[in-house]
1. Would you mind finding the one in Leu95, Leu107, Leu116, Leu52 that is crowded, with 20+ Cβ neighbours inside 10 Å, in contact with a Lys or Arg (Cβ under 7 Å, 6 or more places away or on another chain) and not basic (Lys, Arg)?
2. Quick test of your reading of the structure: Ala303 fulfils all but one of (1) out of contact with any Ser or Thr (no Cβ under 6 Å at 6 or more places or on another chain); (2) under 23 Å from Thr96 (Cβ atoms). Name the failing condition by number.
3. Give the stretch 241-287 a look and list any residue that's farther than 30 Å from Leu350 by Cα, touching a helix residue (DSSP H, G or I) at 6+ places or on another chain (Cβ under 9 Å) and in a loop (DSSP other than H, G, I, E, B), or say none.
4. Here are the criteria: (1) closer than 15 Å to Val167 by Cβ; (2) free of Cβ contacts under 8 Å to residues at least 60 places away in the same chain. Tell me which single one Arg320 does not satisfy.
5. Show the residue pairs meeting these rules: Cβ distance below 8 Å; 6+ apart or different chains; first residue within the stretch 94-111 and under 21 Å from His76 (Cβ atoms) and without any contact (Cβ under 8 Å) to a residue 60 or more places away in the chain; second residue surrounded by fewer than 21 Cβ atoms within 10 Å (Cβ to Cβ) and hydroxyl-bearing (Ser, Thr, Tyr).
6. Looking only at residues that are within 17 Å of Gly139 (Cα to Cα) and out of contact with any Asp or Glu (no Cβ under 6 Å at 6 or more places or on another chain) in the stretch 267-279, which one is modelled with the lowest pLDDT?
7. Kindly state which helices (runs of 4 or more DSSP H) lie completely within the stretch 288-360 and contain at least 2 residues that are at pLDDT below 95.
Amino acid sequence: MNPRRTLGFTALGAAGLAAVGTAFGVTHHRRALSRRPGPPPEDHPDVPLGSLRAAPLTVVADDGVPLHVEVDEPEHTPTGAASDVTVVLVHGYALTLDCWHFQRLHLRRAGVRTVLYDQRSHGRSGRSDVEHATIDQLGRDLGRILDEVVPDGPVVVVGHSMGGMTVVALVEQQPELFGDRVAAVGLVSTTAGGLDVGRLLLPVVPARIGLPLAERTIATLARRHTSVDRLRRLGKAVAMVATDVFAFGDDVPAAYVEFVDAMLSATPYEVVAEFFPAFGGLDKFDAVEVLGRVPTTVVCGTADRLTSIGHSRKLHARIRGSRLVEVEGAGHMVVLERHEQVDAELDRLLAAAGEKELAG
């Protein structure tokens with residue numbers, strides 16, 4: 001097994017791999033996965049997942065970490081109120097900007113300027129030191145992206161999972177941006193605190209270790225590559241099954257599972273370990289009330305095993321006037337699994353942002 005194989009979703013959100021954890025269970029699940037139909041024509045299989053690219057830019061964070069940024073400049077100008085709006089998409093833990101494949105394709109075809117970037121230590125961005133592997137630092141990174149790449153015009157900011165936490169951190173740090181430069185917000189499969197991080201390690205550590213030792217365990221794994229190999233002795237088969245079980249709610253095409261698993265696999269588990277403590281201490285629900293100033297949509301699958309629907313309901317309750325979209329049966333990677341619904345909510349936010357700008 002490759003020692004760089006990430007703990008990925010199995011560290012962030014996979015509770016109870018016992019459901020698929022026997023050798024028989026893993027083999028059976030993999031066979032069932034291989035028999036699933038391919039993506040339907042409306043998913044544009046002629047545009048391979050993760051193949052969308054733009055000329056790279058580098059934005060240097062306040063601590064010197066280079067952030068990989070891509071900007072999709074529209075080939076045509078959209079009509080209507082959203083013509084001057086830029087969308088900024090912020091990805092989650094152990095993923096990359098490529099996870100927004102369907103939203104990026106949708107926005108390109110709509111002629112909307114779109115900014116995507118790899119979070120620090122993820123994808124093609126530079127590695128952070130452990131002291132700056134925090135949600136607060138991610139919020140400052142997002143602020144720097146806005147300053148450098150979207151200096152003018154209204155912005156719609158959308159964050160998935162840890163990306164949503166990044167948006168919330170920016171809200172806490174610079175509340176004056178919301179209602180001024182930031183005209184609308186999307187929070188997808190995320191939370192502002194209260195994650196039960198201990199149970200999230202169960203797929204990669206023996207259950208007998210116990211939940212109170214979660215952070216100690218993840219730190220040990222960061223130091224000892226061979227421990228990861230032993231604990232995940234079923235290797236890639238277990239990782240693929242865990243990705244399917246814990247990232248998705250429905251039986252999605254195998255290509256989706258392979259796509260997500262590839263992103264997770266490319267994230268060094270040292271990075272997973274460095275960011276892991278940030279989730280347990282997250283408590284920013286008081287900050288999200290600021291988002292009542294702008295159109296805000298909260299989206300989550302009802303079968304999300306990582307940031308369960310209760311987190312989204314709590315966000316909705318704390319953000320006056322927000323829209324809650326519960327996607328029945330979808331899992332954590334709703335941006336892939338039910339991309340049509342997520343795209344439709346993006347369109348709603350764009351329209352609301354444009355109308356707000358005109359009214360202002």
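1. The conditions single out Leu116.
2. Failed condition: (2).
3. Asp251, Thr267, Gly281
4. (1)
5. Gly111/Thr77
6. Among those residues, the one meeting the criterion is Phe276.
7. In the stretch 288-360, the matching helices (runs of 4 or more DSSP H) lie at 339-359.
So that you can scan it fast, the table gives a plain yes or no per residue for (1) in a strand (DSSP E or B); (2) modelled with pLDDT of 95 or more:
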position	(1), (2)
Gly25	no, no
Leu33	no, no
Leu57	yes, yes
His76	no, no
Val87	yes, yes
Gln103	no, yes
Leu116	yes, yes
Gln119	no, yes
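The values are calculated or read from the model by the stated rules, or taken from the named source; none is laboratory data. Just so we're clear, the structure is a prediction, and the values are computed from it rather than from any experiment. Here Cβ is always computed from backbone atoms with ideal geometry, including for glycine, and neighbour counts include all displayed protein chains.
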